[in-house]
Amino acid sequence: MTARRTGAALRAAPALPVRPHGRPGRVHHPEIPHRRILAPAGAVLLGLMLLLAGAVPAQAHTDLDTVEPADGSTADGPVEEVVLTFTLPVTPLGEAVEVTGPEGAVPVQVTPQQDGVVLLATPEEPLTDGDYTLDWSVAAEDGHPLDGTVAFTVTGAAPDGGSTDDGDAGEDAAPDAEGSPTAAPDAEAAADPEVAADEEDAAGFAAVVARLAGAAVLWGALVAGGGLLFAALVLRGRDREEVPAVLTAVRWVGVLALVGVPLRLAARSVVVAQGDVAAAVSPSALADALTGDTGLVLGLQAAGALAVLLGARRTLAGSWLALVGTLLLGAGIVLDGHSNSVGPHWLVVTTDVTHLLAAAAWVGGVVMVGVVLRRRRRDARPLDAGLLGSRFSVLATASVVVVGIAGVGLTVAILDRPSQLWETSWGLFLLAKVAVVAVVAAIGAHQHFRVVPLLQAPGHGARRAHKAGSLLQRGAGHETGFMVVVVLLTAWLVAASVHE
């Protein structure tokens, strides 16, 4: 009877936790909930692979398709017009077409045809014998400025003896002491090498400023959106007391994005004006800077940044306007990318939106982990990073998987051929971005597989928990630094031509 009761008691008693090699001891908690991460990640991977497998080839990017007379060719007889044909409709920027011949600048009239696919440049007088250079400047449908140079030679079209004389040139030039015409002030300034060099430097500096401003807007959108997701999905229980601090950080990145929008417009206007700062402030130059979808893009970004700034309150429920602002910012970023000019449009936009959301969850979450832990350390409070790190680890892992898959999909859609990855500066910058993302992912993996399990493991003293929390904070700081580099590279990729 006693043996029977003893056996029943043993069966009813909970089993002792067993250490490796069969020895009883503390329970070994699993490091991460793999199934909770791999199941949704696998579903996303399968879905995107099926979408990409059924995708049609990408449409051509906006570029100069043909020009008549062709670059490097020799035209026999006078040239009455130059025809530039593009792969997609374009919008003329500034003068659009500038022709320089043996006698200097040649006045031309530019006429768009075939819904902007063709630009017809008609000289005031047919081009006669000599070497000519044609500089063209247009904007693609997505607002990206494009430019190039074409050179050709004309023979067999000698000018008539009476077609030009000193008297005809008197309206635009005055004879100098030796009787030869003197260039008009504007033409002289344009021909001055120092002026041309200064304008080229100004245009180059403005292009850098425009990309930095674009990076500021992108960083603001990612951190604001990711911060709101972090507050909603990661901060639970006692951690919810950190929501006001997170929303304050969201408000500050709204300020950053709001400053970036007008700065980007001003810099873009200088680029469109080809470095002429005085001309860049004119209404026509500003109108050229807002051509294509650029006006809509900058409008959405400005409205979104303002909504984030004004809408981030002390509670998540009260910050609904900030959520609307992040959506407007995201829409402006999606419309601003190269993915807006390639197809199939529905697939590329869906992939771009997915990529942006996952990147926001990852980037914004990393920043907010650092914000929360830094605030607790500053206030001399326990870091209590165990549940915080565990919850964000799950979100970050899924985000990394989605970012990688969506990034590959966008690259396939944007590039015309794989060799552009190593043959163009755009491709090389993309490879550099991938390398930095890999570094960030490696740091995140260390956090995920090594630091978070230390925070979850029971039985350790407060000192060890504090040390693990410090490691989590330090890793978040390193990830944030590398993510800034990723955003800067992304801003360059968005603003640059794929063929550069």
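The values are calculated or read from the model by the stated rules, or taken from the named source; none is laboratory data. Given the structure is predicted, the values throughout are model-derived calculations rather than measurements. Positions of Cβ are generated from backbone atoms using ideal geometry, with glycine treated the same way; all protein chains shown enter the neighbour counts.
Tabulated data
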quantity: Test for Arg264: is it of a type in the set (Lys, Arg), in a helix (DSSP H, G or I) and more than 23 Å from Asp336 (Cβ to Cβ); calculated: no
quantity: Subset of segment 416-450 that is in contact (Cβ under 8 Å) with a residue 60 or more places away in the chain and not in a helix (DSSP H, G or I) - its residue that is surrounded by the fewest Cβ atoms within 10 Å (Cβ to Cβ); calculated: Asp416
quantity: Cβ pairs under 7 Å, 6+ apart, first in segment 310-333 and in the same structural domain as Leu218 (by TED's automatic domain parsing), second surrounded by 20 or more Cβ atoms within 10 Å (Cβ to Cβ) and not in a helix (DSSP H, G or I); calculated: Ser319/Ala312; Ala322/Ala312
quantity: Any hit, segment 431-447, residues being touching a Leu at 6+ places or on another chain (Cβ under 8 Å), within 18 Å of Phe392 (Cα to Cα) and at pLDDT 85 or above; calculated: yes
quantity: Candidates Ser470, Ser497, filtered to the one that is touching a residue at least 40 places away in the same chain (Cβ under 8 Å) and touching a Lys or Arg at 6+ places or on another chain (Cβ under 9 Å); calculated: Ser470
quantity: Matching residues in segment 230-242 - criterion: being buried (at least 20 other Cβ atoms within 10 Å of the Cβ) and among the hydrophobic types (A, V, I, L, M, F, W, C); calculated: Phe230, Ala231, Val234, Leu235
quantity: Filtered residue count, segment 80-100, keeping only those that are out of contact with any Phe, Trp or Tyr (no Cβ under 8 Å at 6 or more places or on another chain) and β-branched (Val, Ile, Thr); calculated: 6
quantity: Criterion: crowded, with 16+ Cβ neighbours inside 10 Å, at pLDDT below 50 and among the aliphatic types (A, V, I, L, M) - qualifying residue of Leu48, Leu93, Leu38, Leu119; calculated: Leu48
quantity: Extreme residue, farthest from Val138 (Cα to Cα), among residues of segment 272-328 that are part of a helix (DSSP H, G or I) and in contact with a Phe, Trp or Tyr (Cβ under 9 Å, 6 or more places away or on another chain); calculated: Gly311
quantity: Any hit, segment 375-385, residues being buried (at least 24 other Cβ atoms within 10 Å of the Cβ) and of a type in the set (A, V, I, L, M); calculated: yes
quantity: So Leu64, is it at pLDDT 90 or above and in contact with a Phe, Trp or Tyr (Cβ under 7 Å, 6 or more places away or on another chain); calculated: no
quantity: Positions within segment 127-141 being charged (D, E, K, R) and either crowded, with 21+ Cβ neighbours inside 10 Å or at pLDDT 85 or above (or both), in sequence order; calculated: Asp129, Asp131, Asp135
quantity: Selected residue (criterion: modelled with the highest pLDDT) from residues of segment 96-116 that are closer than 17 Å to Leu64 by Cα and of a type in the set (Gly, Ala, Ser); calculated: Ala96
